[in-house]
Amino acid sequence: MTEIKWFCEPTRLSELCAPPLDAEVAETPDKMRSAMSDQLQRRAARAGHLALAEVLDRLGDAPNDDTLAAAHRSGLPLDLIEVGLKAHGGFPALARHLRTEALEFTPTRRRFTPSGEGTAQAACDFARQGGDVLVGPLLDLGEDPSAVGLNVAALIGPGGVDENSLEAACANAARAVGPGGVILIEGLGAAMFSLGAPRDMRVAGALLAAVRHQFRGSGLKKSLAEQLGLIPRRAAAKAGPKLAIIPAVYSAEAPESLSLQAMPSLLIEGQDPPTLTRSVSLCLEKTAPGALADLEVRLGNLSDLDTLGEITVERLRARGFTAEATAKVSQALGEGLTLKAAFSRWVLGDAFIADVLKRAPDLFDTDGHALLSAIGFSKRDIDAAEADLDGRAARQVADALEAAGIEAQWGIDDALALAAASAPYLDAPPIITAEDAEPAQLDEILGKGLCVFLPGAALGPAPDVQARLASIEARAAALPSAGSAITQPAVDAASDGPAIRTRLPDRRKGYIQKSTVGGHKVYLHTGEFEDGDLGEIFIDMHKEGAAFRSMMNNFAISVSLGLQYGVPLDEYVDAFVFTRFEPAGDVTGNDRITKATSILDYIFRELAVSYLGREDLAENHDDVSHDGLGRGVQGDGTREAAGQALSDEAAQIISRGFSRGQLPDNIVVLDKRRLEKASDEADAEADAAAPEYLGEACPRCGSYTLLASLDGDGGRCDTCGESVASI
């Protein structure tokens with residue numbers, strides 16, 4: 001088992017504690033509400049800075065006026081647009097500045113002395129605004145004394161409390177802080193687990209009594225000593241540091257549970273396989289040795305793929321996974337990687353993805369979910385496997401503890417019982433951390449004379465606010481994205497009203513693809529805008545009934561209208577690929593797709609390959625051209641290994657879908673032909689402007705470069721300059 005330190009390095013109490021011991025004190029609810037108003041203003045400013053930074057990021061480095069107009073309609077003030085246009089570095093620099101301002105935000109911290117009705121409500125409201133608040137009687141521990149955190153869980157061994165470790169740890173801690181210092185008790189809940197009595201409050205009191213005896217010389221009664229296996233001690237009062245239980249900012253080598261947190265950590269993170277923490281191992285060793293052995297075996301088998309719901313080894317093999325590939329994924333999951341990372345190219349390798357799965361590796365750099373989706377697993381399968389994988393090891397331990405009759409989950413009532421058992425042995429009221437306490441519970445805790453720490457960062461909104469936020473989020477998901485006006489200004493930048501339809505030209509390009517899906521003939525007709533983008537589709541079936549043909553025709557019309565109103569093609573692709581209904585099965589007549597789960601799956605995979613370059617949805621090798629013929633081996637003198645991208649000019653007369661974004665090999669680039677024609681014309685003009693020489697040789701140099709004089713009498717040699725009287 002992992003050994004851990006007794007205590008951390010000594011420091012000031014204010015630096016070690018999470019609660020705001022040195023913060024400004026608010027004596028009345030009115031003062032708390034004033035502090036809350038200040039907190040709200042600062043939090044709103046931070047949220048506004050982050051929201052504006054996100055909008056500015058979407059504008060890019062050099063947004064045009066249409067994009068800026070769309071951003072202004074989405075709520076970006078003109079004053080801020082002016083600042084972005086003037087700023088050195090433009091809008092990205094302004095976004096970075098706003099984020100920096102937001103990161104400098106620090107929550108307000110207050111101490112609150114209870115003073116009648118409204119105390120609990122004001123404290124909870126303040127915490128829900130993001131501020132840390134300590135509520136309860138003021139602690140009398142001195143003016144920010146030196147302090148250390150003593151991890152009492154480290155004093156427990158297989159045989160119980162180690163008396164030698166207890167004496168050594170307390171002596172070292174006392175020397176570290178001096179008589180006026182403070183010892184913060186940590187790991188009390190983990191110590192109770194280690195002793196095999198996770199819910200016996202008498203054990204917690206006995207352990208604190210033994211610790212107090214070491215520091216202050218107080219007696220250790222026989223009944224308490226027997227519970228820990230120690231020798232009873234008589235009282236011998238002495239000066240020593242004070243004892244307190246206060247939530248700490250950090251701990252001595254992760255003591256598994258802090259202050260009055262009763263539930264210890266179950267596992268040590270970052271190990272393969274996951275390892276039980278010291279306290280849980282000791283607890284099961286004392287109470288259920290058989291359960292401990294069985295649990296360690298199960299923790300070693302967490303990477304078994306057959307436990308991931310529908311993503312089993314058998315189904316992966318059916319989709320092309322080799323034994324080596326499944327072993328790599330299993331090892332990655334055992335090392336703690338997420339499902340998304342375990343099925344990425346960095347685990348499976350480019351060769352496997354390209355050669356076996358017939359996919360482009362660069363599409364799956366870090367997104368294993370996309371790879372699983374590409375080979376036929378549904379989103380429900382993937383989400384279920386991810387949920388099962390997340391926290392699987394911790395669930396195994398929790399189940400083992402429950403089977404052994406150990407209730408590990410503690411509530412606020414258990415924390416109160418532990419605080420009551422601890423209070424007689426401390427020099428200040430113990431502080432309970434309440435991340436989700438309601439005002440009624442807070443009143444009950446304060447009524448018992450205890451202190452409560454409400455961490456603003458951990459406390460979520462009130463239940464009614466959470467319900468409203470969930471409703472707003474659901475409604476927003478059903479509406480067009482507010483960012484669409486910025487990322488796609490062509491859709492609605494023309495006016496503040498509805499989106500405008502862009503009609504196709506009367507004479508348009510496109511292609512026709514004939515295929516059979518599960519034995520049923522399908523004709524896909526496409527029409528394109530002038531720039532080559534898809535603008536309409538028509539779907540014809542061969543032997544289907546009138547009702548089915550009509551439904552498919554009207555479906556194609558609705559998709560075409562959506563494309564003309566600016567709906568991106570990839571939205572349709574994401575919605576309809578891998579849909580399942582008959583007819584389905586083998587596909588013939590298409591050079592990129594050989595199987596389909598439905599007619600719609602086939603159609604939108606074909607459109608994605610042809611117009612979006614989505615080779616991850618294709619199934620054949622990359623050496624296939626638009627006409628289904630191989631491109632040949634690179635360097636054989638007949639074809640290139642990859643086609644030339646279709647230029648904007650070529651897209652005016654060539655179907656982008658038919659050529660799949662590549663210039664066909666039998667097409668000559670128009671720009672090149674024009675350059676050649678322009679060069680020929682320039683040569684002709686140069687020839688026309690060249691001087692006409694006479695047919696006689698120069699009598700001096702012999703060159704045939706004699707030019708006739710303008711008056712027709714004699715001439716001059718263009719080479720040597722000799723004048724000739726007559727020719």
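The values are calculated or read from the model by the stated rules, or taken from the named source; none is laboratory data. What you see is a predicted model; the values in this text were computed from it and never measured. Positions of Cβ are generated from backbone atoms using ideal geometry, with glycine treated the same way; all protein chains shown enter the neighbour counts. Ligands, DNA and RNA are stripped out before the accessible areas are found, and what is left, the full protein with its side chains, is counted by its heavy atoms. Shrake-Rupley method; radii C 1.70, N 1.55, O 1.52, S 1.80 Å.
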Counting only protein heavy atoms and leaving out ligands, DNA and RNA, the solvent-accessible surface of residue 201 at a 1.4 Å probe, in Å² to the nearest 10, equals 40
In whole percent, the Cα-Cα distances of segment 563-622 spread across 5 Å bins from 0 upward as 4, 20, 30, 24, 14, 6, 2
With 0.36 nm assigned to each residue of separation and the Cα-Cα distance removed, residue 331 to residue 718 gains 130.7 nm
Semi-axes (Å, rounded, descending) of the ellipsoid equivalent to segment 23-119 per its C-alpha gyration tensor are 40, 13, 8
Ordering 407, 256 by the accessible surface of their heavy atoms, 1.4 Å probe, largest first, yields 407, 256
Taking 83, 313, 329 and ranking on accessible area (1.4 Å, protein atoms only), highest first, one gets 83, 313, 329
So residue 697 and residue 581, fully extended at 0.36 nm per residue minus their Cα-Cα distance, gain in nm 32.7 nm
Of all C-alpha pairs within segment 534-590, those more than 17 angstrom apart amount in percent to 50
XL table 340/379; 221/286; 358/595; 514/595; Cα-Cα > 21 Å flagged, in table order, is 221/286
log10 I(q)/I(0) for segment 130-187, Debye formula on C-alpha points only (no solvent), q = 0.16 Å⁻¹, two decimals, reads -0.64
In segment 514-573, the trypsin sites (Lys or Arg not before Pro) that sit in a DSSP loop and have at most 12 other Cβ atoms within 10 Å of their own Cβ are 543
FRET efficiency for residue 11 and residue 366 from the Cβ-Cβ distance with R0 = 45 Å, rounded to 0.05, comes out at 0.65
Taking every alpha carbon pair in segment 178-242 and sorting the distances into 5 angstrom bins from 0 up to the bin holding the longest one, the percent per bin comes out as 4, 18, 26, 21, 19, 10, 3
Computed on Cα atoms, Rg of segment 83-222 relative to 2.2 N^0.38 Å comes out at 1.65
Given a 1.4 Å probe, the accessible area of segment 145-260 per residue, as a whole number of Å², is 35
The FRET efficiency for residue 508 and residue 73, from their Cβ-Cβ distance with R0 = 30 Å and rounded to 0.05, is 0.40
Sorted by accessible surface (1.4 Å probe, heavy atoms of the protein chains only), largest first, 542, 88, 520 come out as 88, 542, 520
For segment 394-449, one quarter of the surface area of the C-alpha convex hull, expressed in nm², comes to 5.3
